[in-house]
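These notes concern the structure reproduced below.
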Amino acid sequence: MSQKPSPNPQPTRDELDLLLYQSRIDRPVRMKIPELNREDRPRHVIFGRQFSVDMLESVASTADEIRQISKSREGQDFLINLLHHKRAMLYFTQPSTRTFLSFMSACQILGITCNEVRNPATSSETKGETRFDSLRMFSSYFDLIIMRSPVARLAESCAYLMNDLETSGNRSVPIINAGSGADQHPTQALLDVYTLQRTFQFTDPRDSPISTRFEQLVRDYPSLCKGLSGKVYAFCGDIGRGRTVRSLATLLAHYKNVTLAFVSPDHPKLVMGDDLRQHLQNCNVQILEVDSLEAPLEGKPLIEQLDALYMTRIQNEHNNQEDEAAFAQIDFGRYKLTTGLVARMKRYAPILHPFPRDQHFKEIPTEIDDDPRAMYFRQARNGMWARASLLAHVFSVEHQISRFFRDQYGDWQGTAGTLEARLAR
Amino acid sequence: MSQKPSPNPQPTRDELDLLLYQSRIDRPVRMKIPELNREDRPRHVIFGRQFSVDMLESVASTADEIRQISKSREGQDFLINLLHHKRAMLYFTQPSTRTFLSFMSACQILGITCNEVRNPATSSETKGETRFDSLRMFSSYFDLIIMRSPVARLAESCAYLMNDLETSGNRSVPIINAGSGADQHPTQALLDVYTLQRTFQFTDPRDSPISTRFEQLVRDYPSLCKGLSGKVYAFCGDIGRGRTVRSLATLLAHYKNVTLAFVSPDHPKLVMGDDLRQHLQNCNVQILEVDSLEAPLEGKPLIEQLDALYMTRIQNEHNNQEDEAAFAQIDFGRYKLTTGLVARMKRYAPILHPFPRDQHFKEIPTEIDDDPRAMYFRQARNGMWARASLLAHVFSVEHQISRFFRDQYGDWQGTAGTLEARLAR
Amino acid sequence: MSQKPSPNPQPTRDELDLLLYQSRIDRPVRMKIPELNREDRPRHVIFGRQFSVDMLESVASTADEIRQISKSREGQDFLINLLHHKRAMLYFTQPSTRTFLSFMSACQILGITCNEVRNPATSSETKGETRFDSLRMFSSYFDLIIMRSPVARLAESCAYLMNDLETSGNRSVPIINAGSGADQHPTQALLDVYTLQRTFQFTDPRDSPISTRFEQLVRDYPSLCKGLSGKVYAFCGDIGRGRTVRSLATLLAHYKNVTLAFVSPDHPKLVMGDDLRQHLQNCNVQILEVDSLEAPLEGKPLIEQLDALYMTRIQNEHNNQEDEAAFAQIDFGRYKLTTGLVARMKRYAPILHPFPRDQHFKEIPTEIDDDPRAMYFRQARNGMWARASLLAHVFSVEHQISRFFRDQYGDWQGTAGTLEARLAR
């Protein structure tokens, strides 16, 4: 209705605003990183590739400290007061209960007060307001904007808007991308990596100086080493339309000597996109694209060779009529996990899933939930700690956390697994 | 859409999940109570019958202490810090502003941070997630789940899920039932009982050692005694479809020598259900089922004999066409309170209503609001205190509250009425 | 459905409730003010005319203190604890993201816990509850009600309801009007005035004892004086349907020797309403009603003469078919700002807009955003401080704020501009 006075076929202001930043969006990633990170710390969090391996290790280490500190009431009080003076806007115009609640929890752990706009229909946009005007409003009221949008690159352009405001002496706040269009979901990748970091310490509460879980595993798997390098990661299901696969694969490419296997039906919408393949090749990652978990890798079926399995949901909500017809010919049963398959996996290999899983498709049946390798419920809780840690880094309080941790638990610093082993001693 | 790949007429995972617990749901209530209570304290709050009279007295006593403590700024600060480190999920897929806000307030009084999911359409369920997967997500992020659902027994089966998770060494949190299907609404019953407990102390701010309100009342009503035992409780209106009636009647049956009168039109949907009647008979409660407040009880019209009157709204939103036709023949005017009826009630008899009342039906016209016996607005505030008290018991901080109370107001302990009298002295 | 039992053409209880207060609503404003203010402090905030010039100065002064105090972590902690024990209900049945978030932020700055009801369809009203019953429920649970409603005068009648409850010894809480029907939006006017108060100090961080921005301006504009009196204020666009114009004009009429110019198309829905014109004439304000910013004032075009320009959005969402036809004949281009027009304005004259602005109509094109006179983004942040200050006055903690401020920054008191100048020295 409000468009009536000027019914023009010209681009809208919203479209022009995005065009304004097009040339900066089109730059190679390495040129963008200095605009997003500052002094090796995220200023904004827009895409996974801005995280260096050092940053990933540092975020994991702070996450471990936060989860340990939060076990005592004294520690919880310390954390709750840390950023009690900050207020966040969770601007989620693309719905996602899980990611939304995870960020809420992460904020609350550090005492950040949360506000939300989830239904764009209730917002000023119905009165003709541009997205950038909305964003500037949020930056007037709040100290942090966590945004999830169906519009690709919107979060990225908002980060540039904030940087430009700062340059011109105006108020500017950090932007966290909680999912932007089909392209990126950097904090999901962060929590996936954090889950793998913890898993690949191979520690156990019952570890002792005499014997550890790692030593026991090495007997059966002599080439096993700690950490993310030198491992085989398999992704299974909807590779083409899952931005979590894209984001995680990009991060794993930072590590040395990894093999990434992508298992999906051979349909253009479901296999890996050309840009991701190109990027991984540039990183000298070994890639395997197959249509079954039984496909061979170094002489054995992939299911028996993989070090970690990342299952995904088939995102049928994006199907068009043509897809429905084509998909009817595909045997999707090959992309569902079974207890039989799990029994053949390595004894330590974690099963991840970004969740939600689909109760109708059953890519992971509930029978597998009790297997100690099933990590998908723990992933949710890891995500909360990883996001809290990330916020601590954005607001530069990670050193305060380390200091408190050392005061409480001594000045030894380590990754989660070994820390727990040490605390158990 | 996401169902396409497996269009089976088999039961859904959600249905199977409920079936999984069917045998535990079908047990007699007394066998379930040990799964819900622990050391005489609620672990989960699922149905009214899990509250013993001792627990009801203890919850009322803590509620009295909280409301008194919260009158000073120092007390408020004590309360706000009590559970400041806890975070709650209010999962309300059946809408209810009143119950929702009451729980929010109760949480906030104790410093619990609240999160909410109210519209199931925004949740992961639209992506094919099961309810149990959603619940486990909530239990990953939060320390408490308060849930209201149109699905009968869902809260109960979630409590069993949590217990099973605990048994298998996983994270598990308390479940509070804020209304589950047509069967139970235990915290509404709790606040109704709390309102009656306060009312039946017969105290008044102007009570003095020389004369108390109770002494004055006893002159006119020689058989009057304090407390909930030995009283006539009348429920009026929609008995069959009101779960608040069912829950409160169940709790009152715990008390000695009570008469429960049910006043409703003689229609199968509006009279008491067979299961409730059976239960009350097993408890040796004296029951009266009549179709008018003028029906005789011990020689006098019920309206003149009752000690407390519980009015209800006719829940016409559940009518089907057949009901509409049948109800057109009923004189519903008999189930509305009037100033004339109120004038005939005992001088102390409280009028309760679970609210909202219906402005079109007018079961309680606004003219009655100023009568000192009208308790329905106070019930709302009582509900907030009673729920805060319940949460304090669930998290085992009720003794901390008592200690603070004694430090501030001396070590005398008593029920609300006498406490206020004492504070007024 | 719930209306079925009594399908009467009689007025509803909601309508009767409003009628109940009609005679009090119909009184002249000066007779109402004693019901809304207490000891020169707002008890409820209902309409702009209840603010005296003294109150406006006091609210501005506290707002300045709050924004200064909040620059340090110590100050933020002081503020967050100030009203940490209070809980607010934001009852917004008329949507407004901007006003809603501004009030949320204002509450959070002072530590007030926020609760919200925004969608009336989820509320008890669908079960036949009256608005007054809902309000009493809110007043049972919360310490403050901030309400925005499409129903004219609803906030005012709720204030009277609260006063009546207090008189009869019941619980009663302050009501803040965040927009009520088409008539009033008092806190928007408050923030507009606060923005003008700050602007018309003519200070600058680089002010020094040797030279200030004001001294420099006076060279070019010899008659310039500080403060709101003696200035020309122009309102441009949709005068008839913008309640922000109405509310601000009413407040400006309190100041001496002001000229108010209203620039709008000559259409009965778009020009000033008769009641506002009458009121301004009674206040002896000089009024100019014209259809262009080029219209002459004292021999020169208005755009060159005005001291402040208040742009507005054409509220086409209220158009009916007849309006659409009539408006098609109007040249709306005259009610859009351009860089050319801005270039002709006085060097200090602020451009205000209540926002959102309309990206399709373009009443303020984004090219103007970088002009130092563009105040509309700063208005948003000013609104947050002004509302926080107002809440501090409602809860009588403004003296505590002043005390903290003096302890930190010395006992000198002043308006924002001079304060900043002083702090910069």
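Bear in mind these aren't lab numbers, they're just calculated from the coordinates by the rules spelled out. Because the structure is a prediction, the values reported are computed rather than measured. Here the Cβ is made from the backbone with ideal geometry for all residues, glycine too, and neighbour counts use every protein chain on show.
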Taking a label point 7 Å from Cα toward Cβ, how far is A:Asn284 from its twins in the other copies, in nm, shortest first? 8.7, 8.7
Taking θ as phi - 60°, what are the ³J(HN,Hα) couplings along segment A:356-364 by the Karplus curve (6.51, -1.76, 1.60), each to the nearest whole Hz, with x for Gly and Pro? x, 8, 9, 5, 8, 6, 6, 5, 10
Averaged over B:240-252, how many beta carbons belonging to a partner chain fall within 10 Å of each residue's beta carbon? 0
Hey, got a sec? Which GluC sites (Glu not before Pro) in segment B:1-90 land in a DSSP loop and have at most 11 other Cβ atoms within 10 Å? B:Glu39
So which trypsin sites (Lys or Arg not before Pro) in segment C:338-377 are both in a DSSP loop and have at most 12 other Cβ atoms within 10 Å of their Cβ? C:Arg347
With chain B treated as a Gaussian network of Cα nodes joined by springs under 10 Å, which of B:Leu252, B:Leu260, B:Leu276 yields the largest mean-square fluctuation? B:Leu276
With a 10 Å cut-off between alpha carbons and a GNM built on chain C, which of C:Gln281, C:Gln379, C:Gln50 moves the most? C:Gln281
Given H placed 1.01 Å from N in the peptide plane, which residues other than close sequence neighbours of C:Arg148 have an amide H under 5 Å from its amide H? C:Tyr91, C:Phe92, C:Thr93, C:Gln94, C:Ala178
at C:Ala152 the sorted inter-copy label distances (label 7 Å from Cα on Cβ side), in nanometres, are 5.1, 5.1
Can you give me the pair-distance distribution of segment C:31-86, C-alpha pairs, 10 Å bins, whole percents? 21, 36, 32, 10, 1
Highest-MSF residue in chain C out of C:Leu154, C:Leu306, C:Leu16 [GNM, Cα springs under 10 Å]: C:Leu16
At 37 °C and 0.692 mPa s, what whole-number value in µm²/s does Stokes-Einstein give for the translational diffusion of segment C:279-331, with Rh from the Kirkwood sum over Cα pairs? 234 µm²/s
For peptide C:68-75, compute the average count of partner chain beta-carbon atoms within 10 Å of each residue's beta-carbon. 1
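Within a 10 angstrom radius of each residue's Cβ in A:110-117, how many Cβ atoms of other chains show up on average? Whole number is fine.
Working: counts 0, 3, 0, 10, 3, 6, 2, 3.
So the per-residue partner count for this stretch is 3.
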Given 10 Å bins starting at zero, what is the percent of C-alpha pairs of chain B in each, up to the one with the largest pair distance? 4, 20, 30, 26, 15, 4, 1, 0
Other residues with Cβ under 10 Å from the Cβ of A:Ala308 give, with Lys and Arg +1 and Asp and Glu -1, a net charge of +1
Can you give the FRET efficiency to the nearest 0.05 for C:Gln216 and C:Ala343, using r as the Cβ-Cβ distance and R₀ = 22 Å? 0.70
Between A:Cys225 and A:Glu304, with labels modelled 7 Å along Cα→Cβ, what's the label distance in nm to one decimal, could you check? 2.5 nm
Expected unfolding gain across C:Asp274-C:Arg334 under the 0.36 nm per residue rule, minus the alpha-carbon gap, is 19.3 nm
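Can you tell me the FRET efficiency between B:Asp26 and B:Arg406 if r is taken as the Cβ-Cβ distance and R0 is 30 Å, rounded to the nearest 0.05? Could the numbers behind the result be given before it?
Values: r = 45 Å, r/R0 = 1.50.
Computed FRET efficiency for B:Asp26 and B:Arg406: 0.10.
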All-pairs alpha carbon distance profile, segment C:186-379, 5 Å steps from 0, percent: 1, 7, 16, 20, 21, 16, 10, 4, 2, 1, 0, 0, 0
Radius ratio Rg over Rh of segment A:13-180, counting only Cα atoms, Kirkwood formula for Rh: 0.97
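In µm²/s, what is D for segment A:70-159 at 37 °C and 0.692 mPa s, where D = kT/(6 pi eta Rh) by Stokes-Einstein and Rh is the Kirkwood radius from Cα pairs?
Estimated via Stokes-Einstein, D reaches 232 µm²/s.
Which of the pairs A:Lys127/C:Lys86; C:Lys231/C:Lys362; A:Lys86/C:Lys86 have their Cα atoms more than 29 Å apart in this structure?
Cα-Cα > 29 Å for A:Lys127/C:Lys86; rest within.
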Residues whose modelled amide H sits under 5 Å from the amide H of A:Cys114, counting only those 5 or more places away in sequence or on another chain, are A:Ala88
Calculate log10 I(q)/I(0) of segment C:99-221 for q = 0.17, 0.20 Å⁻¹, where I(q) comes from the Debye formula with a single equal point scatterer on each Cα and nothing for solvent. -0.94, -1.21
Can you give the Kirkwood hydrodynamic radius of the protein assembly as shown from its Cα pairs, in Å with one decimal? 33.8 Å
Once the label point is set 7 Å along the Cα-to-beta-carbon vector, what list of distances in nm do you get between C:Val218 and its counterparts in the other copies? 8.3, 8.3
Here is the link list: B:Lys269/B:Lys300; A:Lys256/A:Lys336; A:Lys226/A:Lys300; C:Lys256/C:Lys300; C:Lys226/C:Lys346. Which ones come out longer than 18 Å on Cα distance? B:Lys269/B:Lys300; A:Lys256/A:Lys336; A:Lys226/A:Lys300; C:Lys256/C:Lys300
Filtering trypsin sites (Lys or Arg not before Pro) in segment B:60-144 by DSSP loop and by at most 16 other Cβ atoms within 10 Å leaves B:Lys71
Determine the sum of side-chain charges near A:Arg334: Lys and Arg each +1, Asp and Glu each -1, restricted to other residues whose C-beta is under 9 angstrom from that of A:Arg334. -2
